[in-house]
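The values are calculated or read from the model by the stated rules, or taken from the named source; none is laboratory data. As the structure is a prediction and not an experimental result, all values here were calculated from the model. Cβ placement follows ideal geometry from the backbone for every residue including glycine, while neighbour counts extend to all protein chains displayed. Ligands, DNA and RNA are excluded from the accessible area calculation, which covers all protein heavy atoms including side chains. Shrake-Rupley method; radii C 1.70, N 1.55, O 1.52, S 1.80 Å.
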Amino acid sequence: MELKSLLLDIKDRIATITINRPKALNAINKDVMSELDYLFSEGGLEFKSLSGIIITGSGDKAFIAGADITEFTDLDEKTGYDKSKAGHDVFNKIENCSVPVLAAINGFSLGGGNELAMACHIRICSDNAKFGQPEVNLGLTPGYGGTQRLIQYLGKGRAMQLLLTGDMIDAHEALNYGLVTHVTTLEELPLTALKILTKISRKGPEAIARTISCVNAYFDKGSDGYEMEMKSFGEALASAESTEGVQAFIEKRRPVFRK
Ligand code: CO8
């Protein structure tokens, strides 16, 4: 698939996906969503050859200022539901990706943009970043998981306040609330993102994938995360990856998990 609204750069096993609509503050339109869907589906990114994925926005003003509001005028109840569901499906693929996905938030992270960031496994931001779910200003509710995922990071009280007021919070509040784990300058944001993913790339890739699944299971009402953890531990223990990891510890050397 030819990418029109996303830029893709792959270096040293780390893919950087840049939402590239700076004039519309990188708002998620049909193209952005279908291109993200393509990248995170079979036949898109080759996850086996990757150790991390960064999602960021083009320019120095916005990560993503929401879904593209200009596309809302043609929607009705049925197509609105369908569009919301399509977005949920894509963001679920990102959340369940076997390779860690990090949102490098370089400015406004609003509405559907913040919902995308929350579907990623790790969020870091620049000090100019602003976060919010302003859908109520438009007489709308979040439609890409905001009511469900914001609670996971902020707790019900803070999430409810942000969702009901449509207020924005700044980078430091987001750090205090646990929505992001690092605040850096805009200039240092890409390097900080790379450092985190490079550190993870030295760990066992199967262990990383299993850990992501177990953590996600906690939030999946249909899964028993404790049971999954026990099963995962047994499988990990029987794997060639853990044989190498344990042997390397005993031999006092760095493990070689990837050829
Ligand atoms: N959609 C489309 N265009 C946008 C969006 C957006 N979400 N945000 C900004 N733009 C455009 C502006 O229209 C403007 O375009 P132009 O230059 O052609 O007039 C350009 O980007 C620059 O924006 P501003 O001039 O407004 O820049 P400011 O610095 O003055 O303000 C803000 C920046 C505060 C970010 C402001 O642009 C704003 O409030 N944007 C809208 C934010 C918003 O409400 N986001 C939530 C959208 S709803 C949503 O995300 C729901 C997700 C679920 C969808 C479910 C399926 C339907």
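If each DSSP helix of 4+ residues adds -39,500 (n - 2.57) and the sum is divided by the residues in the chain, what number results at 222 nm, nearest 500 deg cm²/dmol?
Result for the chain: -13500 deg cm²/dmol, rounded to the nearest 500.
On a C-alpha basis, how far is the centre of the range 167-210 from the centre of the range 93-125 in Å? Whole number, if you could?
10 Å
What accessible area per residue, rounded to a whole number of Å², is obtained for the chain using a probe radius of 1.4 Å?
With the other protein chains kept in place, the chain gives 54 Å² per residue.
May I ask you to order 175-185, 220-230 by the average number of other C-beta atoms within 10 Å around their residues, highest value first?
175-185, 220-230
Using packing as a proxy for protection, rank 71-83, 19-31, 2-14, 135-147 so that the peptide with the highest average count of other Cβ atoms within 10 Å comes first.
Most protected by this proxy first, the peptides run 19-31, 135-147, 2-14, 71-83.
Could you look at the chain and say what percent of its accessible area is carbon and sulfur, using a 1.4 Å probe and all protein chains?
56 percent
Just by accessible area at a 1.4 angstrom probe, what is the order of 115, 235 from largest to smallest?
On the way: 115 5, 235 85 Å².
Result of the area sort, largest leading: 235, 115.
Quick one: work out the % antiparallel among DSSP beta bridges in the chain, nearest 5.
30 percent
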